[in-house]
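Where a number appears in this text, it was derived from the coordinates with a stated rule and is not lab data. Keep in mind that this is a model prediction, so the values were computed, not measured.
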Amino acid sequence: MAGPFGAAKGASSVEISTAESVLQRKKKIIMGTSIKTNLITEETIRLLQKFQILKGLTLDEIRRLLGVKESDYQQRIAKLVHYKSGETVIREGDLDSWIFWIVKGSCAVTKNNIYIAEFNKAGEVFGEMSCLDIDSRSASVISTTDSICVSIDMSILDTLKNETIRNKIKSGIHTMQAQRLSDTTVKLAEERKHLLEQQDIILQREKEFKEKETMLRQWEKDLAIREQKLHDTTPGGDDPA
């Protein structure tokens with residue numbers, strides 16, 4: 001995980017009829033407090049190039065992606081945002097196209113109010129899974145501490161005229177998604193191995209228990225025989241004759 005960036009909250013313009021409704025929806029989705037609206041600096045551009053999704057872009061392509069002049073549009077697609085502990089970054093079920101990078105702090109992923117995972121390292125990215133396939137958020141992300149995040153609105157891919165930049169970004173996203181899938185597969189394999197090991201331990205314990213149970217029953221039989229012999233040899237005991 002490279003890069004000291006974080007994540008912010010944004011929204012897409014999927015199937016929203018007017019520019020006004022788009023703006024209203026974005027205002028509802030973007031949460032947190034904007035720290036700095038203009039991130040288009042040379043330092044920011046160099047840092048953005050370290051992010052996995054943007055690694056394929058040259059510095060000049062990143063400049064063209066974000067623009068060289070300050071404008072409302074640029075301020076809309078790139079934001080540095082501060083979230084208070086407990087504040088929602090992504091809400092399950094929302095439609096938006098923002099990707100997030102952690103600068104500072106930690107954010108927890110939850111689904112149906114059940115904890116799933118946590119992002120707490122600078123440069124970790126989340127929210128990329130739905131930025132290509134327009135779909136609602138499958139989980140929520142909640143800031144668990146005071147956090148600072150950077151977000152970029154990836155809906156620009158739909159209108160970006162530079163096909164080379166668009167393809168590089170999509171390739172970067174696909175690479176990250178493939179890595180996430182690979183990591184998940186490895187994790188599932190490790191969990192399966194752990195479960196099988198636990199199953200073997202349980203089976204071994206069951207075998208030991210059965211052996212001990214058999215031994216205990218034999219001891220009970222031996223004890224019953226000894227008691228009977230002791231009874232037979234005790235004065236006053238029953239005379240078999």
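Data overview
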{"item": "Out-of-range pairs (alpha-carbon distance over 23 Å; input Lys55/Lys193; Lys50/Lys104; Lys50/Lys170; Lys207/Lys229; Lys111/Lys168)", "result": "Lys55/Lys193; Lys207/Lys229; Lys111/Lys168"}
{"item": "Estimated vicinal HN-Hα couplings, Hz - the stretch 100-113 in sequence order (Karplus 6.51, -1.76, 1.60; Gly, Pro = x)", "result": "10, 10, 6, 9, 7, x, 8, 9, 9, 9, 10, 9, 6, 6"}
{"item": "Kirkwood-type radius of the stretch 153-232, with distances r between different C-alpha atoms, in Å", "result": "18.9"}
